[in-house]
Amino acid sequence: THTRYFIYALILGVFYICWFFGTAIISDLSDDLGRRKTLMFSLAGTGVGYLITVIAIFYKSVTLLLIGRIIDGLTLGSQPIAQAAM
């Protein structure tokens, strides 16, 4: 049970850590590439992250689940860009 709780905490924690750093990365990209391209990149990355997460659940792979949550966390930082575009 300890291993299960550790993996659960790791999957939750890595998502929020990547979200924290991804917001800064995505914000810098929006200054260089423009808001529209950055929002499209962010939405595509979030879709890919969710797709990998679904595949990981289907194949019962913790590694793929972790990769999917990392990708999703890094590209989910588009909320400040969307607010700035409004």
Using beta carbons and a limit of 7 Å, which pairs, at least six apart or on different chains, have the first residue in region 70-86 and open to solvent by 20 Å² or more (accessible area, probe 1.4 Å) and the second one part of a helix (DSSP H, G or I) and among the charged types (D, E, K, R)?
-> Ala84/Arg35; Ala85/Arg35
Being closer than 17 Å to Val14 by Cα, β-branched (Val, Ile, Thr) and touching a Cys at 6+ places or on another chain (Cβ under 8 Å), is that true of even one residue in region 56-70?
-> yes
Restricting the search to region 1-31, which residues are over 10 Å from Gly73 (Cα atoms) and surrounded by 15 or more Cβ atoms within 10 Å (Cβ to Cβ)?
-> Ile11, Ile26, Ser27, Leu29, Ser30
Considering residues that are crowded, with 16+ Cβ neighbours inside 10 Å and in contact (Cβ under 8 Å) with a residue 24 or more places away in the chain, the number found within region 32-56 is 7
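The values are calculated or read from the model by the stated rules, or taken from the named source; none is laboratory data. A quick note: this is a predicted structure, and the numbers were derived from the prediction, not measured. Heads up, the Cβs are rebuilt from the backbone with ideal geometry, glycines too, and the neighbour counts pull from every protein chain shown. Areas reflect the complete protein model, heavy atoms only, side chains present, ligands, DNA and RNA absent. Shrake-Rupley method; radii C 1.70, N 1.55, O 1.52, S 1.80 Å.
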